[in-house]
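Chemist: Pasting a structure here, questions to come.
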Amino acid sequence: MKHLLKMLDLSSEEIIDILNLADQLKYELKHGIPHPHLKGKTLGMIFQKASTRTRVSFETGMYQLGGYPLFLSSNDLQIGRGEPVQDTARVLSRYIDGIMIRTFEQKEVEDLAQYGSIPIINGLTDFCHPCQVLADLMTIREFKGSFDGLKMCFIGDGNNMANSLIVGCLKVGMSVSIACPEDYQPPVEILEFAAKYGDKFEMTDTPMVAAKDADVLITDVWASMGQEGEAEKRKKAFAGYQINDELMAQAHSDAMVLHCLPAHREEEITEKVFEAHANEIFEEAENRLHAQKAVMVKLMAN
Ligand code: CP
Ligand code: NVA
């Protein structure tokens with residue numbers, strides 16, 4: 001594994017390896033056991049979109065690993081004035097040891113990996129959010145003990161989160177069902193991947209059908225970053241695609257609820273369900289730190 005660009009690139013074994021290391025790093029942190037695997041290394045973090053969790057967990061994680069996190073806002077970089085990503089990649093490769101990037105187009109992340117000579121980590125694109133899904137898988141395994149026989153149900157937009165969850169959950173052996181409006185389905189590339197899993201994958205436009213016997217219910221905002229202009233149109237399209245008490249009644253009684261955050265209460269999830277599952281949702285947010293530290297160690301430690 002040279003980069004973390006998308007879940008599609010990872011083997012099931014690589015995912016499990018990352019999760020095992022993440023569990024170990026979480027244990028070590030909680031028990032005051034130092035783990036300076038990246039002493040003397042620098043991670044550049046390019047942000048072309050807002051972030052709370054990704055920025056703070058990468059920055060803190062790099063510090064805990066003994067390395068140096070360098071925050072690079074696209075407003076200040078020449079990339080924000082049109083310098084090609086190919087040139088930025090070749091320059092930064094000569095100064096630092098890894099790059100985490102949050103941007104719009106997946107191609108930009110793939111280009112960085114192609115032209116640079118250091119590990120690239122995708123901190124969210126319009127296509128996918130692999131760091132989040134590694135933390136989600138870590139949380140599911142932590143609460144449920146294993147992935148065996150579990151069904152993950154995603155309700156809402158066929159967006160970056162849905163794409164990565166479909167791939168990640170199928171790769172670790174879970175069943176996946178997704179409910180989304182017809183015009184907001186995941187891209188063909190993801191559906192083609194999922195189709196290989198036969199009846200372990202199901203897609204419907206009816207949330208109550210998708211949620212049946214689910215062990216984990218997950219949703220995300222109706223309008224992602226960059227789609228704010230479509231917010232009103234999306235509110236209409238996604239009406240009914242909400243995790244609420246009626247939907248929870250379709251799932252197993254001990255079903256978990258996850259949300260990558262930020263959440264819009266009373267849109268994709270009710271306040272009541274959100275608060276009833278806050279322990280899972282905020283453990284998920286914490287696990288961003290541990291899962292990403294594992295990714296950085298895998299990619300950047302010699
Ligand atoms: N879930 C997530 O990626 O959060 P941020 O946008 O705050 O980084
Ligand atoms: N789908 C959301 C995820 C935020 C972490 C977005 O892209 O804005």
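The values are calculated or read from the model by the stated rules, or taken from the named source; none is laboratory data. Note that the structure is predicted; figures quoted are calculated from it, not measured. Neighbour counts run over all protein chains shown; Cβ positions are idealised from the backbone, glycine included.
Chemist: Select from the range 40-82 the residues that are crowded, with 17+ Cβ neighbours inside 10 Å, part of a strand (DSSP E or B) and among the small types (Gly, Ala, Ser) and list them in ascending order.
Modeler: Result: Gly44, single match.
Chemist: Among the candidates Ala113, Ala162, which residue alone is of a type in the set (A, V, I, L, M) and within 15 Å of the chain's Cα centre (by Cα)?
Modeler: Matching residue, one of Ala113, Ala162: Ala162.
Okay, residues lined up against (1) modelled with pLDDT of 95 or more; (2) closer than 24 Å to Gly226 by Cβ; (3) touching a strand residue (DSSP E or B) at 6+ places or on another chain (Cβ under 8 Å):
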{"residue": "Leu72", "(1), (2), (3)": "no, yes, yes"}
{"residue": "Phe104", "(1), (2), (3)": "yes, yes, no"}
{"residue": "Glu110", "(1), (2), (3)": "yes, yes, no"}
{"residue": "Ser117", "(1), (2), (3)": "yes, no, no"}
{"residue": "Phe127", "(1), (2), (3)": "yes, yes, no"}
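Chemist: Out of Ala194, Ala214, I need the residue that is modelled with pLDDT of 95 or more, among the aliphatic types (A, V, I, L, M), within 19 Å of Gly149 (Cβ to Cβ) and in a loop (DSSP other than H, G, I, E, B). Which one?
Modeler: Just one listed residue meets the conditions, Ala214.
Chemist: If you don't mind, another one. Which residue is nearest to ligand 2 (Cβ to nearest atom), if the candidates are limited to the range 142-196 and must be surrounded by fewer than 22 Cβ atoms within 10 Å (Cβ to Cβ) and at positive phi?
Modeler: Among residues in the range 142-196 that are surrounded by fewer than 22 Cβ atoms within 10 Å (Cβ to Cβ) and at positive phi, the one nearest to ligand 2 (Cβ to nearest atom) is Gly173.
Chemist: Name the single residue, out of those in the range 161-187 being small (Gly, Ala, Ser), assigned to a helix (DSSP H, G or I) and touching a residue at least 60 places away in the same chain (Cβ under 8 Å), that is farthest from Glu268 (Cα to Cα).
Modeler: Gly168
Chemist: Only one residue in Ser57, Ser12 is away from ligand 2 (no atom under 16 Å from the Cβ) and closer than 20 Å to Gln132 by Cα, so which one is that?
Modeler: Just one listed residue meets the conditions, Ser12.
Chemist: Working only within the range 192-246, note down all residues that are of a type outside the set (Val, Ile, Thr) and within 16 Å of ligand 1 (Cβ to nearest atom).
Modeler: Within the range 192-246, Asp220, Trp222, Ala223, Ser224, Met225, Gly226, Gln227, Glu228 qualify.
Chemist: I've got another one for you. Across the range 106-132, what is the total count of residues that are aliphatic (A, V, I, L, M) and within 16 Å of ligand 2 (Cβ to nearest atom)?
Modeler: 3
Chemist: Follow-up. Here's a check for you: in the range 27-59, which residue that is β-branched (Val, Ile, Thr) and within 13 Å of ligand 1 (Cβ to nearest atom) is farthest from Asp97 (Cα to Cα)?
Modeler: Thr52
Chemist: Considering only residues of the range 163-191 that are in contact with a Cys (Cβ under 7 Å, 6 or more places away or on another chain) and within 16 Å of ligand 1 (Cβ to nearest atom), which is farthest from Asp205 (Cα to Cα)?
Modeler: The residue in question is Ser164.
Chemist: Let me ask something else. Go over the candidates Thr139, Thr125 one by one and state the one that is part of a loop (DSSP other than H, G, I, E, B) and surrounded by 22 or more Cβ atoms within 10 Å (Cβ to Cβ).
Modeler: Being part of a loop (DSSP other than H, G, I, E, B) and surrounded by 22 or more Cβ atoms within 10 Å (Cβ to Cβ) holds for just one of Thr139, Thr125, which is Thr125.
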